[in-house]
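The structure under discussion appears below in the form of structure tokens.
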Ligand SMILES: O=P(O)(O)OC[C@H]1O[C@H](OP(=O)(O)OP(=O)(O)O)[C@H](O)[C@@H]1O
Ligand code: HPA
Ligand SMILES: [Mg+2]
């Protein structure tokens, strides 16, 4: 399950591939009920949301479109810089569209609260959020996602799209990163 070369980098596994798959399927049934008959645009937030977007989009039985936005607030560390930057904007016009932002994680809530303001200013019919993970004890900005996969403890996690310094995104599950990985001074 966890590749041998990164096993020592994790304190424990929080979510298995199977748990994630099962919960995404449940979220998709809710989304299908809520958006039946609507034209839906999924907006994935690069890069962390790539895995959840790929699995969620394929599990949905609704016709959808996908677009991507790249923003970054964490850089290569484990703490949000507090400044959100657009690295790549959407190609789609959001006017009168039903938009569902797809995120891997809501941590401080800063990225999403900024993104919601930004996308709402573009005249969409609606903007909602589907996030796989949320850390209720870390949230500094109030955001009310319509679909949440799992509430998790306030620890730095990696896997299933989530990185530390760009590593671990390809792990199939989600695990807690061992502090020795990020507290070791780089050589
Ligand atoms: O709620 P917040 O504290 O704002 O944290 C959540 C955001 O942080 C991560 O992105 P990051 O900036 O690390 O970029 P990445 O997706 O490319 O890893 C994650 O993918 C979310 O977008
Ligand atoms: O816990 C986390 N892990 C990886 N990336 C993140 N971005 C916000 N929180 C996290
Ligand atoms: Mg990151």
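Among 105, 86, 152, the residue with the largest mean-square fluctuation in a Gaussian network model of the chain, with springs joining Cα atoms closer than 10 Å, is 86. If I fit a long axis through the Cα atoms of helix 110-120 and take the longest principal axis of the Cα atoms of the chain, what angle between them do I get, 0 to 90°, rounded to 10? Long axis of 110-120 versus the principal axis of the chain: about 10 degrees.
Would you mind calculating the relative contact order of the chain from Cα pairs under 8 angstrom and at least 6 residues apart, reporting the percent as a whole number?
26 percent
Rg/Rh for the chain (Cα atoms only, Rh after Kirkwood) is 0.96.
PRE reach from residue 67 (point 7 Å along Cα→Cβ): which of the stretch 110-141 fall under 16 Å by backbone N? Once the point is set 7 Å along Cα→Cβ of residue 67, 115-129 turn out to lie under 16 Å by backbone N, inside the stretch 110-141. Seen against the Cα atoms of the chain and their longest principal axis, helix 50-59 is set at about 50 degrees.
Here residue 90 and residue 155 are evaluated by their C-beta separation; at R0 = 22 Å the FRET efficiency comes out at 0.10. Over 19 Å apart: what share of the alpha carbon pairs of the stretch 18-79 falls there, rounded to a whole percent? Roughly 39 percent, once rounded to a whole number. Between the Cα long axis of helix 17-34 and the first principal axis of the chain there is an angle of about 20°, rounded to the nearest 10. Using r as the Cβ-Cβ distance of residue 122 and residue 166, and R0 as 41 Å, what FRET efficiency do you calculate, to the nearest 0.05? So the FRET efficiency works out to roughly 0.85. A full extension of the chain between residue 33 and residue 5 corresponds to an added length of 5.9 nm, given 0.36 nm per residue minus the alpha carbon distance. Label-to-label distance for residue 57 and residue 26 is 2.5 nm, based on points extended 7 Å past Cα in the beta-carbon direction. Sorted into 5 angstrom bins from 0, the C-alpha pair distances of the stretch 55-159 split as 2, 11, 21, 25, 21, 13, 6, 1 percent.
Values quoted throughout were computed directly from the atomic coordinates according to the rules given, and no laboratory measurement underlies them. Quantities reported herein were computed from a predicted structural model and do not represent experimental measurements. Glycine gets a Cβ as well: all are built from the backbone with ideal geometry, and neighbour counts include every protein chain shown.
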